[in-house]
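Remarks on the structure that follows.
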Amino acid sequence: MKNILKAAGAFACAAALLCASGCSGNTKWAYKTDKAELGNGQWIYCTFEGVSQAINEIQKNDENADLNSIDWDKQEIDGEPAKDWIYAKAKETGLNYLMMESLAIDNNITVDETVYNASKSYYSYFYNNYYHDMFTKLGVSEDSYCGVSIRPGIISDELFNKMYGTGGSREVPKADVEKFFTENYVSYYYIACELKKTVDDEKVDLDKETLDKYRENFRKYASMINNDKKTVDDVTAQYKVDFSVTEDPSTSETMYKDDMSSSDLNKAILEAKEGEAVTKEIDDKLYLIYRYDITSKVPLIKANDEDAGDDAKEIISKEDILKKMRSDDFTQYLKEERDKLQYDRNDACVHKYDVTRTINIIKETGNS
């Protein structure tokens, strides 16, 4: 009897350990919280993403490296075995998905089906035209691929607006938004014309008479704004007459200064005085540049739920400005939420659909 009880006790103990480690034989999910679950197909896609990220990292030092040429048993990334690095990235992607789903529930956020389906049509195209055979062999459904790829971003945007938008827990005062906008954004208009033409695949100067005419035209455009109090619309209309074109030749944008490249054109825009038109010759082109008084654009700042009215064509997104202002704060908030996320890992699923399996199937599919 003692031996029977002892054997029964050992079996119960083993079963308890098996259950605690998640190795129950159920491979339908890899990770879960009390609010959401990462299914096996979603987990496999996370490992696929990890492999893609690993190849990009390896190619930084070896541009000729590819899935087949890499020795995955010996390769290291940042001093760590590549497969371990991939697993860590896959886990990070999976837990981010679970965290965002949990935050959606906690904050009463419902993913708008119209918004989701608009993105899904894009991802579905790639699934069916590029990834279908590979993902089918891996075990990644279209819904798994689209869900992990799309939902966290939509939830993140909604959560950000709930926190920092009107009435939010961390609402940014309107005056602060406007102050940040006027100090960090630039609004501009420009038109241009070519100073060279292509002859036998080589660029050559236009003849002197044409160049003189173009330069005179652009001096005229600058004078129209600076001296005659004309608008940029008047300049555009005159340009279309002078150059015999029907399409609008102008570019008008309102940009966050730090997002502008260091091109000579952008340098000229940033150096221009507000409310004054200037002409510049840059990279074989002649430009008329006009920088608006940035304060004149403040009334165009609208939230997504505000009626843009007559300003619909020129609306400046309040949400985009808020993201520039509070992105670091929001990133820190998400990091803290991720650090305290409570979850279970199902070893049966994670081990069955591991990184090695993903690499092998991608190889087989790519070489078939």
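Quick look at the numbers
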| item | result |
| --- | --- |
| Share of alpha-carbon pairs per 10 Å distance bin for the chain, given as whole % | 4, 16, 19, 18, 18, 14, 6, 2, 1, 1, 0, 0 |
| Expected 222 nm ellipticity per residue - DSSP helices of 4 or more, -39500 (n - 2.57), all of the chain, to 500 | -17500 deg cm²/dmol |
| Two-site FRET efficiency, Leu211 against Lys179, from Cβ-Cβ distance with R₀ of 35 Å, rounded to 0.05 | 0.20 |
| List Val204, Val115, Val140, ordered by accessible area with a 1.4 Å probe, largest first | Val115, Val204, Val140 |
| Principal axis dimensions, the stretch 164-260 - Cα atoms, whole angstrom, descending | 63, 38, 23 |
| FRET E, pair Val204, Gln332, Förster distance 56 Å, beta-carbon r, rounded to 0.05 | 0.50 |
| Computed FRET value (nearest 0.05) for Asp347 with Val298, which takes r as the C-beta separation and R₀ as 41 Å | 0.15 |
| Sequence of Met325, Met99 when ordered by accessible area, the most exposed leading, probe 1.4 angstrom | Met325, Met99 |
| Computed lengthening from Asp320 to Asp143, 0.36 nm per intervening residue step minus Cα-Cα distance | 60.8 nm |
| Trypsin sites (Lys or Arg not before Pro) within the stretch 145-238, DSSP loop, no more than 16 other Cβ atoms inside 10 Å | Arg170, Lys229, Lys230 |
| Extension gain, Asn227 back to Glu281 (0.36 nm per residue minus Cα-Cα distance, nm) | 17.3 nm |
| Viscosity 1.567 mPa s, temperature 4 °C, Stokes-Einstein D of the stretch 184-230 from Kirkwood C-alpha radius, µm²/s | 100 |
| Over the stretch 110-196: Kirkwood hydrodynamic radius from C-alpha pairwise inverse distances, Å | 17.0 |
| 13 Å beta-carbon shell around Ser121, net charge (K/R +1, D/E -1) | -1 |
| Whole-angstrom Cα spans of the stretch 105-161 along principal axes, big to small | 38, 20, 14 |
| Solvent exposure, largest accessible area first (probe 1.4 Å, DNA, RNA and ligands not counted), of His351, His132 | His351, His132 |
| Overall dimensions of the stretch 26-184 by Cα: Rg and Dmax, Å | 19.2, 57 |
| Beta bridge orientation in the stretch 240-368: antiparallel %, DSSP, nearest 5 | 65 |
| Distance histogram for the stretch 70-155 (every C-alpha pair counted, 5 angstrom bins, percent rounded to whole numbers) | 3, 13, 17, 16, 18, 16, 10, 5, 2, 0 |
| Area accessible to solvent at Arg326, 1.4 Å probe radius, in Å² | 70 |
| Diffusion constant of the stretch 29-88 at 37 °C, which comes from Stokes-Einstein with the Kirkwood Cα-pair radius and 0.692 mPa s, µm²/s | 260 |
| Volume in Å³ per residue [convex hull over Cα atoms, computed for the stretch 152-218] | 176 |
| Formal net charge of residues neighbouring Ile155 (Cβ-Cβ distance under 13 Å; K, R +1; D, E -1) | -3 |
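The values are calculated or read from the model by the stated rules, or taken from the named source; none is laboratory data. Not measured: the values here are computed from a predicted model. Methodologically, a virtual Cβ is constructed for each residue, glycine included, from the backbone with ideal geometry; neighbour enumeration extends over all protein chains shown. Note: accessible area is taken over every heavy atom of the protein model, side chains too, but ligands, DNA and RNA are not part of it. Shrake-Rupley method; radii C 1.70, N 1.55, O 1.52, S 1.80 Å.
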